[in-house]
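Taking it in order: structure first as structure tokens, then the write-up.
The values are calculated or read from the model by the stated rules, or taken from the named source; none is laboratory data. Bear in mind that the values here come from a model prediction, so they are computed numbers and not experimental data. In this analysis, Cβ positions are derived from the backbone assuming ideal geometry, glycine residues included, and neighbour counts consider all displayed protein chains.
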Amino acid sequence: MGERATAKVIEDQALAWVARLDREASHAALEAELNAWLEGDSRRRGAFLRAQAAWMQLDRAGVLGVSEERETRRPSRRWLVTGGAVAAAVGGVSVWGVARGVLDARIRTVRGEIRRVPLEDGSMLAVNTESQLKVALDRTMRRVDLERGETWFQVAKDMARPFVVVAGDVRVRAVGTAFSVRRHERGSDVLVTEGVVEVWSANAPEHVRRLSVGDHAFVSEAMGPGMSQSAAAEIDRRLAWRGGDIVLDGDTLGDAVVEFNRYNTRQLRIEGPGLASEALVGRFRTNEPEAFARAVAVTAEARVLMDDEVIRISRL
Amino acid sequence: MDDDRRRVVAWVGRDILPHEADVRAWLRRSMVPVNEIEDIVQDAYCRLAGMTEVGHIANPRAYFFTVARSIVVDRMRRARVVRMETVAEIDALNVVWDDPSPERITAARRELERVKGLIAGLPGRCRHIFELRKIEGLSQREIAKRLGVTETIVENDVVRGLRLILKAIAEGEGEAAEAIRTERSHGRTRDRKGH
């Protein structure tokens, strides 16, 4: 085996590739070099996939990173010296002068993917499953087009540049605040987690409604915002997706199934009368519809049949 | 990376890596020589790398074990050596993957904590760099500027940290993450007690 590279050597090369690809922007020459390396030994593709997967899974740490723990964690001395901007990020962000993050871009998540995207102005997006956005930041305005799906926005304060989310005809305007927007066929759900936002529809621009922390409203594309409701107790639950969770609290099985199916290729189906209206309570992982189905089987006295594509829940 | 590839890489990170330590433990129980285990695991990832679609795989853990088993069987055939222990373990394989022990379910639930734990377990500057890159979302270049070091140093620390994380994954994440932490607080001379 002397002339053959050991698994260890290949692993080291794969790690170097992952780090390098993370540092350099992708370009043709780099891709060509990577492909040449991959083709040099049939085992390299495996080592590269493993290293790349380990690197990518760490992105999950960031989805909730800002709002959780970091606030309570005591910075070490080194953090105090070098981590000024980090502390600013925790405190609500206003002094991130350094160019960082996204300035102009299209962002797209695939089914089951939840991604956190920092913007150049210090704002932060948590993008839910199957969503599509266009970000455009310039000197007078910060605009994000939510073309599909759902996103939670934590907006950095900047009085000179309003932050506007465009979801079809629906508009949400914020200065420094945090809120989520989820697009539906005829309008969007807006949920405010911090500060105040203004919502309206381009079709009824005179009808503007202010929503403050804890408020929830459906904004219709045709008519503009409906009555706002206080959803303070609901917010953590409805935004649990940022940590990869689905939290049910008296929701019907029918609604829960629709929610799970947003995240998974393997779809849940309910069969038989009455079952869909069963109420459920519990916390589940978005990517574990099997565990959910098993829990339902026990609590609702149902039967679960699984094949590769579908998980059927039916009456016993 | 196109969408198909990204989906496969994300799936491997989320649904395959967490079972790697168990697959390795099973290979050891199957009396596969230690120097071959590394090759078999790498070979298993090679086969996964050939996939463009993963949505049809209902049980990734079982799939991972099945791939590893077929590699072991191929190797035994080629070497014309049959080890009785290996055959026995291979026959009992479905017991291993079909057993979603409570600890395992809990482990899957704590995906986020697990990933954070992997980063928290890294030593000094390495950890700091991973936090800035993965939690704060800074690029390697921005990190270099922030810390006042060269980009090469940052890139090398990414390699070093990721190597420790892969080691943690191979050894069983909880234990190994703890091992790294112990090593950090007690100095590098302290030996980790395996079991």
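Residues in the stretch B:40-63 that are farther than 15 Å from A:Ala51 by Cα and under 15 Å from the mean Cα position of the chain (by Cα): B:Ile40, B:Pro60, B:Arg61. Among the listed residues A:Val135, A:Val164, identify the single one that is buried (at least 20 other Cβ atoms within 10 Å of the Cβ) and part of a strand (DSSP E or B). Within the list A:Val135, A:Val164, the selection yields A:Val135. Among the residues of the stretch A:258-316, those identified as among the acidic types (Asp, Glu) and exposed (fewer than 15 other Cβ atoms within 10 Å of the Cβ) are A:Glu271, A:Glu301, A:Asp307, A:Asp308, A:Glu309.
The residues on offer are A:Ala156, A:Ala204, A:Ala217, A:Ala222, and the sole one that is outside the structural domain of A:Arg262 (by TED's automatic domain parsing), outside any strand (DSSP E or B), crowded, with 19+ Cβ neighbours inside 10 Å and not acidic (Asp, Glu) is A:Ala156. For the stretch B:20-36, taking the residues that are in a helix (DSSP H, G or I) and surrounded by 20 or more Cβ atoms within 10 Å (Cβ to Cβ), the one that is farthest from the other protein chains (Cβ to nearest Cβ) is identified as B:Trp26.
Filtering the stretch B:37-55 down to residues that are closer than 16 Å to B:Glu171 by Cα and either more than 7 Å from chain A (Cβ to nearest Cβ) or of a type in the set (Asp, Glu) (or both), which residue is surrounded by the fewest Cβ atoms within 10 Å (Cβ to Cβ)? Across the stretch B:37-55, the extreme among qualifying residues is B:Glu38.
The residues of the stretch B:150-174 that are touching a residue at least 12 places away in the same chain (Cβ under 8 Å) and not in a helix (DSSP H, G or I) amount to a single one, B:Gly172.
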